[in-house]
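Novice: Here it is, the structure, as structure tokens.
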Amino acid sequence: MEYNFKEIEARWQAYWAKNQTFKAEIDSSRPKYYVLDMFPYPSGAGLHVGHPLGYIASDIFSRYKRLCGFNVLHPMGYDAFGLPAEQYAIQTGQHPAVTTEKNIARYREQLDRIGFSYDWSREIRTCDPEYYKWTQWAFLKMFGSYYCNDSRKARPIEELVQAFETSGTAGVNAACGEEMSFTAAQWNAMSEKEKSDVLMNYRIAYQGETSVNWCPQLGTVLANDEVKEGYSVRGGFPVEQKKMTQWLLRVSAYAGRLLEDLEELDWTDSLKDMQRNWIGRSQGAEMVFKAYNGDQEYDMVIFTTRADTVFGVTFMVLAPESEWVEKLTAPEQKEAVEEYLAMARKKTERERLAETRKVTGVFSGSYAVNPLTGAKVPVWISEYVLAGYGTGAIMAVPAHDSRDYAFAKRFDLPIIPLIEGCDVSESSFDAKEGIMCNSGFLDGMTVKEAIPAAIDYVEQHGIGHRKINYRLRDAIFSRQRYWGEPFPVYYKDGIPQQMDPDCLPLRLPEIDEYKPTETGEPPLGRAKGWTIDGYPIEKSTMPGFAGSSAYYLRYMDPHNGNALVSREADEYWRNVDLYIGGTEHATGHLIYSRFWNKFLYDLGYVCEKEPFRKLINQGMIQGRSNFVYRIINTNTFVSVGLKDQYETTEIHVDVNIVSNDRLDIEAFRKWMPEFADAEFILENGEYVCGYGVEKMSKSMFNVVNPDMICDTYGADTLRLYEMFLGPLEQSKPWDTKGIDGVNRFLRRVWRMFYDRDGFIVTDAEASPEELKSLHKLIGKVQADIEAFSFNTAVSAFMIAVNELYELKCTKRSVLEPLVVLLSPFAPHIAEELWHALGHDESITYASFPEYVESYTVENTCTYAVSFNGKTRFTVELPADMPREEVDAHVRSMEQTAKYVGAGNIVKVIVVPGKIVNIVVK
RNA sequence: GCUCUGGUGGUGGAAUAGGUAGACACGCGGGACUUAAAAUCCCGUGGACAGAAAUGUCCGUACGGGUUCGAUUCCCGUCCGGAGCACCA
């Protein structure tokens, strides 16, 4: 009987679906394990072989955990709101919901063929009103909350209102946009609008005017992580800076906790590092410099991490957008300053990037006084100081900061070195080391001592205080697009009002065109009757990350109409034990999700403070492109080995008509009309193509489709091969050429059960050799799965099966555990063989075989090794080793042991005929 | 510029904690079975040198040093690739 994968795979996929084999239910008698994939955005192109890599890995782990007795939750869904469907809608007029639906169907079909053990009864889609109801709900909660810095928690905004009513801002320590100070009387005297504006300064979801990344081609605002090098990640359009009123999430309030709680997560160091970098904690001090514009005196606050360098301040710099600019511009400099500001404003993000290190600036005409030295220094304005960080103003110490140095050189400002022996004639001395000089009471201290000493001084004299700043900015939360969650907010006399939560979801209305309106409003401006009680509803929609921030919680209880997740489901499933996905979400989704979870945690809706306990980033599968070489101005192609003899152009050729780098010439002629009469210069009768590793994409003709692999080799082969390709976390090129090896392996497994005449498994007792092979495999596979080293696990299978095949093992007591071991990797064939062995239930309910170590013990004799006349340790050598060889080994060990000290010897490695190696503690 | 990664045969990659480098697989070469092909199976396959052969010797994990009885693995420096951040004071 032949291994008929097509029939087997179709049959078991149908069986699992029909019997709901992977349906997860709360079961307090068993430990839970939650395995999650980053859900896909269903694009029109469908899946290529790179996409399922992570899904296969998580599926293997899920199936393994089930065998180990865990109640596994392994769901899947779709991140279905997003720009591509909407762009497509603008071009074709087709409703994004229709394209999305179609793409999802295609994705599902492709996923189903690979044999994943998802509980599809829990499928979610972010564009489903029953789902986005809870996205809107969470938004309302954030709108109705502020962040208390004392308790480090989100609290209902009503508590803040109450505090304002009784004692104003006194005693309030809340995360906010700008520091405010008013009394209870002042608060109570405020108008509705004024109160609303004040509260906006504190709400966790708030409206604010900020400089945003504006993409004119997409007609929308983008978040920082949606912009790469001045271009939009989706579409690659240029992005510029623009001031706009937007909804924002006060993610920055959580910066400290987001940073600290990284410690307890089982994530890779590099990923944690990226997040740390993005959060960007820096410890320093805020200091007040008195600044004078004519007779007017102002307190100008700056932030620095190098308080020790205050004696070297020779000028101050303000960000162009800083509020101090207006106050500190002297009349005689007004014109120059305005000209500079206009120039800075006009620049796009792209231009600023292109001009990195080009030093620009203008003198404000005012001066500030150094609070420690009393020195009078000029106040400048320059782009290199960012308004959004710190206080938007700095003290410049050109001797010890390279940016200040460049500025000082450009505008000829003085440079005062503060560290003994440093040379600042060519460049600044930025390192935090050396002995201080020219610094009054700090002289003689090391920099490390001077920093805290300077801050202490500043605090004692009321000049400033310690301060921690974060780079993490609040997330801009509105998009001027159609295909996203509507905001459940309407405006009454310009004051935003929250919608009644009981009326959620607020459904996305139908519109007839998806472009922005003629007046520049978002597409929802076209919606008729987009009002609540006659008041206009917010016209922008939420960004992509809104729907993906809490989706893992919804999977726990996907059909609950009364809560995002019930307490019971939340307390059982808690959080994701294993999360697998790409590293591209390191500073986007993975920050927002953690923030969102912490917010819900503060309000008591979830019981875990972190959403993803362990996280693995699968590497990208790259394409392996093939090239042909056309001789210039001809239609003649030359084989790669001979191409240097001609002048050629390199042309991508479809990898699907190339096998082992040999071109299928007939297929090539049919591939494109222009090649129909192509001529070839061959080597050894073949046309050999060149190759290169690139991103897998249609334009490179290197896309390999998983359906095609399933058709010719089967899903089990695809799964095994994707794992065999290399370490999960590493990027590697796909090359279909090697797939025969794993296919051969599966056929060999099959032949251990079936020969030409039928089933050949016997109940005979297994030999020690067979058991040894089996148990070596059990130990290895278990260890490898736990370590996510799936490629070596597959190799171990091949070795074991080769051994057993050679031993002609057809014994049930060996083959049964073998099939169970194999089932996470190649579930279809395993299920088939499991049933052939006489089991009625799915192999999903089998138990992971128990590892017995004693089978691995070799046949050995024990010898004593001695030196200095005493037996120091014993060593086991193969019993059949000749006496002379044993003597040689023992002598050699005695030699080595003299060097090492016998007590340090842990293990002795003996190789027949070779020198002994000694493992030392 | 800063942070993180990685560099091993023709190819993808192995090598628990510093101990036989190149497992496993692809490809390639040779052979068996077959009328033939497919399938299957067996043998060889890092390099150089010596030998008729079994085999032996030397060199080899980007490069240069170091620690160690012993380094692909640890440390320092250099070169090259990949990723992230990028005027964050």
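Novice: Just need a number here: residues in segment A:489-525 that are within 22 Å of residue A:95 (Cβ to Cβ), part of a loop (DSSP other than H, G, I, E, B) and touching a Pro at 6+ places or on another chain (Cβ under 9 Å).
Specialist: Total meeting the criteria: 12.
Novice: Then there is this: Does at least one position in segment A:686-694 carry a residue that is among the charged types (D, E, K, R) and within 16 Å of RNA strand B (Cβ to nearest atom)?
Specialist: Yes, the conditions are met somewhere in segment A:686-694.
Novice: Only one residue in A:359, A:369 is of a type in the set (A, V, I, L, M, F, W, C), near RNA strand B (Cβ under 9 Å from one of its atoms) and over 30 Å from residue A:589 (Cα atoms). Which one?
Specialist: Just one listed residue meets the conditions, A:359.
Novice: Report whether or not residue A:468 is among the hydrophobic types (A, V, I, L, M, F, W, C), in contact with a strand residue (DSSP E or B) (Cβ under 6 Å, 6 or more places away or on another chain) and part of a strand (DSSP E or B).
Specialist: So residue A:468 passes the test.
Novice: Please go through segment A:732-747 and pick out each residue that is in contact (Cβ under 8 Å) with a residue 60 or more places away in the chain and within 7 Å of RNA strand B (Cβ to nearest atom).
Specialist: Hits for segment A:732-747 are A:732, A:733, A:735, A:737, A:747.
Novice: Would you confirm whether or not segment A:766-777 contains a residue that is surrounded by 18 or more Cβ atoms within 10 Å (Cβ to Cβ), of a type outside the set (S, T, N, Q) and at positive phi?
Specialist: No, segment A:766-777 contains no residue that is surrounded by 18 or more Cβ atoms within 10 Å (Cβ to Cβ), of a type outside the set (S, T, N, Q) and at positive phi.
Novice: Next question, about the same structure. When you scan segment A:3-19, do you find a residue that is open to solvent by 60 Å² or more (accessible area, probe 1.4 Å), under 22 Å from residue A:841 (Cα atoms) and of a type in the set (Phe, Trp, Tyr), even just one?
Specialist: yes
Novice: How many residues does segment A:711-731 hold that are part of a helix (DSSP H, G or I) and either under 29 Å from the mean Cα position of the chain (by Cα) or within 8 Å of RNA strand B (Cβ to nearest atom) (or both)?
Specialist: The qualifying residues number 10.
Novice: Consider residue A:199 carefully, then state whether it is within 20 Å of the chain's Cα centre (by Cα), in a helix (DSSP H, G or I), aliphatic (A, V, I, L, M) and at negative phi.
Specialist: no
Novice: For segment A:665-672, state whether one or more residues are in contact (Cβ under 8 Å) with a residue 12 or more places away in the chain and either assigned to a strand (DSSP E or B) or touching a Ser or Thr at 6+ places or on another chain (Cβ under 9 Å) (or both).
Specialist: No, segment A:665-672 has no match at all.
Novice: When both residues are 6+ apart or on different chains and their Cβ atoms are under 9 Å apart, which pairs have a first residue that lies in segment A:178-193 and is touching a residue at least 40 places away in the same chain (Cβ under 8 Å), and a second that is in a loop (DSSP other than H, G, I, E, B)?
Specialist: A:192/A:493; A:193/A:493; A:193/A:494
Novice: Another question, then. Restricting attention to segment A:394-418, which residues are free of Cβ contacts under 8 Å to residues at least 60 places away in the same chain and under 21 Å from residue A:286 (Cα atoms)?
Specialist: A:402, A:403
Novice: Go over the candidates A:719, A:751 one by one and state the one that is basic (Lys, Arg) and surrounded by fewer than 22 Cβ atoms within 10 Å (Cβ to Cβ).
Specialist: Within the list A:719, A:751, the selection yields A:751.
Novice: Residues being assigned to a strand (DSSP E or B), open to solvent by less than 30 Å² (accessible area, probe 1.4 Å) and within 11 Å of RNA strand B (Cβ to nearest atom): count how many of those fall in segment A:380-439.
Specialist: The total comes to 3.
Novice: If you check residue A:375 against the conditions, is it touching a residue at least 24 places away in the same chain (Cβ under 8 Å), away from RNA strand B (no atom under 14 Å from the Cβ) and open to solvent by 30 Å² or more (accessible area, probe 1.4 Å)?
Specialist: Judged against the criteria, residue A:375 is a match.
Quick grid of which residues meet (1) within 27 Å of residue A:213 (Cβ to Cβ); (2) over 31 Å from the mean Cα position of the chain (by Cα); (3) buried (at least 17 other Cβ atoms within 10 Å of the Cβ):
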{"position": "A:460", "(1), (2), (3)": "no, yes, no"}
{"position": "A:465", "(1), (2), (3)": "no, yes, no"}
{"position": "A:475", "(1), (2), (3)": "yes, no, yes"}
{"position": "A:505", "(1), (2), (3)": "no, no, yes"}
{"position": "A:529", "(1), (2), (3)": "no, yes, no"}
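Novice: Does segment A:329-351 hold any residues that are assigned to a helix (DSSP H, G or I) and among the small types (Gly, Ala, Ser), and which are they?
Specialist: Selection gives A:336, A:342, A:344.
Novice: Right, next: Which one is modelled with the lowest pLDDT among residues in segment A:634-671 that are under 19 Å from residue A:698 (Cα atoms) and open to solvent by 50 Å² or more (accessible area, probe 1.4 Å)?
Specialist: A:659
Novice: Report yes if residue A:791 is surrounded by fewer than 17 Cβ atoms within 10 Å (Cβ to Cβ) and not hydroxyl-bearing (Ser, Thr, Tyr), otherwise no.
Specialist: The answer is no for residue A:791.
The values are calculated or read from the model by the stated rules, or taken from the named source; none is laboratory data. A quick note: this is a predicted structure, and the numbers were derived from the prediction, not measured. Reconstructed Cβ throughout: ideal geometry from the backbone, glycine too, with neighbour counts over all protein chains shown. The accessibility values were calculated without ligands, DNA or RNA, using every heavy atom of the protein model including side chains. Shrake-Rupley method; radii C 1.70, N 1.55, O 1.52, S 1.80 Å.
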